[in-house]
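Following: one structure in structure tokens, then a few remarks.
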Amino acid sequence: MNVRLKELWWLLNDCVYPRLQPLSEDAAYRQLTLAKNEQEMSDQRIRALPDDDNLLTQYLGACARLLDDAEDTRRSVEARLTSTIGLSSIAGTIVFGGILAIATATLHVDSFFLRLLMLFGALYLVLQICRAVQASLSGLERRGYITAQASDVLPSLNEDRPVYLRRQIELSIRRLGDVRSHNKGKVEQMAIAQCAMRNFVGGLTLLALIGTGFALTARNPSNDLVQTLKNNKALYETLRGPQGPKGDPGPPGPSEPAKAQLRPPLRRK
């Protein structure tokens with residue numbers, strides 16, 4: 001599969017069921033190599049730090065600030081994932097109400113094409129909502145983080161101050177890499193959820209536009225019924241029902257002179 005067909009495939013995949021595009025073997029190997037080199041370089045630089053308490057304290061504070069920024073990013077991503085679940089639940093309730101209205105014939109649709117379009121459109125919207133909720137829950141699932149224990153924070157017996165500070169810097173860097181790795185997975189799941197919600201909004205807009213077009217061009221069914229009755233004589237006679245026998249003719253009415261005699265005389269003023 002060439003590059004263009006592969007890009008087209010993943011574009012269609014994002015429109016129907018968004019998911020992560022797996023990395024190639026070269027990209028995965030390069031990513032692991034970069035992470036390993038970063039860890040080795042950090043260890044070398046920590047060992048090369050001078051035995052100066054003030055400098056080590058400054059470096060430890062800088063690492064702590066980086067760790068706090070990573071924690072803030074994690075909380076921000078989790079808040080967005082939680083809000084996506086709330087929006088998806090509201091949208092799901094609306095779509096389910098529409099499906100239930102069509103299934104119980106509460107919402108009457110005369111056109112077969114429009115009915116079919118609404119059913120498949122509702123199915124597509126439900127699929128996108130479920131995918132958004134699934135990705136959000138996957139991003140919010142429990143993960144094992146590297147945490148600082150009491151033995152890590154407190155200095156050991158006869159431990160020098162520079163050695164203690166170096167150990168704290170090393171722990172902060174390890175925790176920073178761990179939090180960033182988990183944040184990467186959360187951001188990827190957030191991207192999937194946002195793609196599914198974009199598909200939902202686009203599908204809902206397209207469905208609304210098509211439904212509006214059908215509503216503007218549809219004819220009044222009552223007028224069609226009247227015209228059908230006028231054209232179909234047999235149906236008209238069937239609806240009118242059986243007619244009774246023709247009765248005897250009544251007596252003839254009075255003639256014109258007789259009618260004039262029955263009129264009251266005009267009064268003069």
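Sort out which residues of the stretch 160-182 are free of Cβ contacts under 8 Å to residues at least 40 places away in the same chain and touching a helix residue (DSSP H, G or I) at 6+ places or on another chain (Cβ under 8 Å), and write them in order of number.
ARG167, LEU171
Looking at (1) modelled with pLDDT of 85 or more; (2) more than 23 Å from GLY203 (Cα to Cα); (3) outside any helix (DSSP H, G or I), which is the one condition that is false for PRO22?
It is condition (1) that PRO22 fails.
Please work out if ALA101 is assigned to a helix (DSSP H, G or I) and modelled with pLDDT under 80.
Spelling it out, ALA101 is indeed assigned to a helix (DSSP H, G or I) and modelled with pLDDT under 80.
Could you tell me which of the residues LEU116, LEU165, LEU123 is modelled with pLDDT under 85 and either of a type outside the set (S, T, N, Q) or not in a loop (DSSP other than H, G, I, E, B) (or both)?
The unique qualifying residue is LEU116.
Take the residues in the stretch 1-34 that are of a type in the set (Ser, Thr, Tyr) and over 19 Å from ARG198 (Cβ atoms); name whichever of them is farthest from the chain's Cα centre (by Cα).
Among those that are of a type in the set (Ser, Thr, Tyr) and over 19 Å from ARG198 (Cβ atoms), it is THR33.
Can you name the number of the only condition in (1) surrounded by 11 or more Cβ atoms within 10 Å (Cβ to Cβ); (2) in a helix (DSSP H, G or I) that GLU40 fails?
It is condition (1) that GLU40 fails.
Go through the stretch 139-152 residue by residue and tally those that are touching a residue at least 12 places away in the same chain (Cβ under 8 Å), more than 35 Å from the chain's Cα centre (by Cα) and part of a helix (DSSP H, G or I).
Counting residues in the stretch 139-152 that are touching a residue at least 12 places away in the same chain (Cβ under 8 Å), more than 35 Å from the chain's Cα centre (by Cα) and part of a helix (DSSP H, G or I) gives 1.
Residue under question is LEU87, and the condition is that it be over 30 Å from ARG161 (Cβ atoms) and surrounded by 12 or more Cβ atoms within 10 Å (Cβ to Cβ); does it hold?
yes
Quick check: anything in the stretch 52-75 outside any helix (DSSP H, G or I) and among the aliphatic types (A, V, I, L, M)?
No - not one qualifying residue is present in the stretch 52-75.
Could you grab the pairs with beta carbons closer than 8 Å, sequence gap of 6+ or different chains, first residue in the stretch 25-45 and without any contact (Cβ under 8 Å) to a residue 40 or more places away in the chain, second one surrounded by 11 or more Cβ atoms within 10 Å (Cβ to Cβ)?
Here the result reads GLN31/LEU23, each pair linking the stretch 25-45 to a residue that is surrounded by 11 or more Cβ atoms within 10 Å (Cβ to Cβ).
So PHE200 fits all but one of (1) modelled with pLDDT under 90; (2) closer than 22 Å to LEU117 by Cα; what number is the exception?
Among (1) modelled with pLDDT under 90; (2) closer than 22 Å to LEU117 by Cα, PHE200 violates only (1).
The values are calculated or read from the model by the stated rules, or taken from the named source; none is laboratory data. Keep in mind it's a predicted model, so treat the numbers as computed, not measured. Neighbour counts are summed over all protein chains in view; Cβ atoms, including those assigned to glycine, are modelled from backbone coordinates with ideal geometry.
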